[in-house]
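Taking it in order: structure first as structure tokens, then the write-up.
We did not get these values from a lab; they are worked out from the coordinates using the rules stated. Remember, predicted model here, so these are calculated numbers, not experimental data. Methodologically, a virtual Cβ is constructed for each residue, glycine included, from the backbone with ideal geometry; neighbour enumeration extends over all protein chains shown.
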């Protein structure tokens with residue numbers, strides 16, 4: 001067969017190509033066969049590909065236009081350069097054509113780097129040496145006939161590093177990318193992926209209840225059974241408008257690793273932001289007492305020089321107070337760094353006993369009223385971080401109440417969407433809405449530094465601990481109407497199966 005379309009140098013020297021391009025020597029000669037002359041002038045683009053040599057061996061005039069070829073000789077001497085994924089698509093196409101199948105598809109070709117959308121029908125071409133090649137009939141599709149984003153998405157899916165396929169609503173396959181064929185072979189329907197025939201119906205039933213479905217399945221790959229994560233979603237077909245099923249499959253270890261890396265990346269980004277915020281807060285809050293110490297020390301020296309011992313004593317006392325506050329701030333820095341990392345051991349927690357202990361530590365007044373609504377009286381969780389979050393919220397309620405003897409504290413606990421939800425509400429002075437986000441920042445208080453009742457790290461610690469455990473914390477409050485802090489907490493190792501309890505309001509003591 002090779003001799004039928006390769007020429008010797010002496011034969012080539014007699015062709016018209018030499019006179020047109022004397023500086024260019026073509027190694028391969030176009031295929032010559034009787035039936036080709038009838039196809040040459042057809043308006044439908046036709047070309048023949050030698051699958052073994054990955055080379056087009058003949059094309060008519062319409063095909064030369066699609067391939068942007070200067071001549072037939074130039075095209076047949078142009079190698080078909082393919083990526084690994086495109087190579088897998090080519091191999092699978094060859095297998096199907098060898099089996100006698102005719103394949104119709106929409107493809108984007110890149111002749112000379114220019115994208116060209118074509119509709120093509122690929123069938124068999126039998127060479128004189130009985131090898132099977134591709135006979136391709138094609139027609140270009142107007143670039144404005146399809147949204148360019150659809151084409152880009154189609155190409156991205158075709159060469160994606162995960163298995164992707166499109167199925168009809170009854171499971172029949174419409175198209176699949178190269179990796180799907182490489183891993184699963186000749187997939188004809190949704191059922192062909194699974195070891196268990198009932199799994200196809202599980203997917204279809206799941207899509208009937210929601211637009212998306214995700215689960216792990218035992219699938220049948222070319223290498224044998226394996227566990228894969230399958231994600232299916234209903235979408236409208238961009239061509240027909242009818243609903244189709246988009247299916248993606250991947251090794252679950254890849255998905256889990258991607259999720260792990262995403263979490264680590266998010267954590268690193270958050271840590272960098274907090275480090276910057278921490279450094280800024282440290283610089284500002286430590287600078288304030290240092291400036292005050294310097295000022296009062298200067299006044300003390302002046303008073304001493306003027307023999308004003310009383311004023312000197314007053315100034316030195318101010319220096320002592322500022323130094324004490326500075327030491328306190330440094331301790332709070334260390335507390336923040338330590339508290340957000342300490343986890344402790346997993347244990348069975350009696351919620352009522354925990355709250356009783358926390359209220360004593362927070363010096364909850366005996367005249368105050370405590371209301372508990374606890375649906376889950378026992379939790380299996382990490383006690384130390386949970387205790388720190390609750391203690392900070394209870395401390396805030398007591399410390400910032402304008403009349404702590406009349407405080408009413410309501411603590412609720414319930415389960416929601418796989419999380420435990422805690423709510424701590426008080427009847428205190430409330431917080432302006434503009435301060436709701438600020439109070440969770442490092443060293444931010446609602447009072448001037450001289451009047452501050454704390455360093456402003458309690459809520460920052462609480463938020464960081466909650467977020468490290470995968471939860472969220474928020475506040476609902478209006479000036480003069482009290483505050484409600486609510487946070488979600490993971491079940492960790494699960495919630496113990498005890499009966500629910502709902503206690504009526506009772507006084508504390």
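Sorting 372, 190, 106 by the number of Cβ atoms found within 10 Å of their own Cβ, with the fewest placed first, yields 106, 372, 190. Per-residue extension of 0.36 nm, minus the Cα-Cα distance of residue 80 and residue 210, leaves a gain of 42.4 nm for this segment. Please report the spacing between the Cα centers of the range 43-68 and the range 192-234 in Å, no decimals. If you average the Cα positions of each part, the centres end up 40 Å apart. Spacing of the modelled spin labels on residue 270 and residue 371, each 7 Å from Cα toward Cβ, amounts to 3.2 nm. Site pair residue 290 and residue 360 shows an inter-label distance of 4.3 nm when each label is modelled 7 Å from Cα along Cα→Cβ. Take each peptide in 87-100, 374-387, count the other Cβ atoms within 10 Å of every residue, and average; sorted highest first, the result is 374-387, 87-100. Fewest neighbouring Cβ atoms within 10 Å first, the residues 485, 440 line up as 440, 485. For the listed peptides 212-224, 42-54, 315-327, a ranking on the average number of other beta carbons within 10 Å per residue, highest first, reads 42-54, 315-327, 212-224. In terms of the mean number of neighbouring beta-carbon atoms within 10 Å, the peptides 302-314, 163-175 order highest first as 163-175, 302-314.
What's the FRET efficiency of residue 52 with residue 258 using the Cβ-Cβ distance as r and R₀ = 41 Å, to the nearest 0.05? That gives a FRET efficiency of 0.60. Here the residues 469, 417, ranked from fewest to most Cβ neighbours within 10 Å of their Cβ, fall in the order 417, 469.
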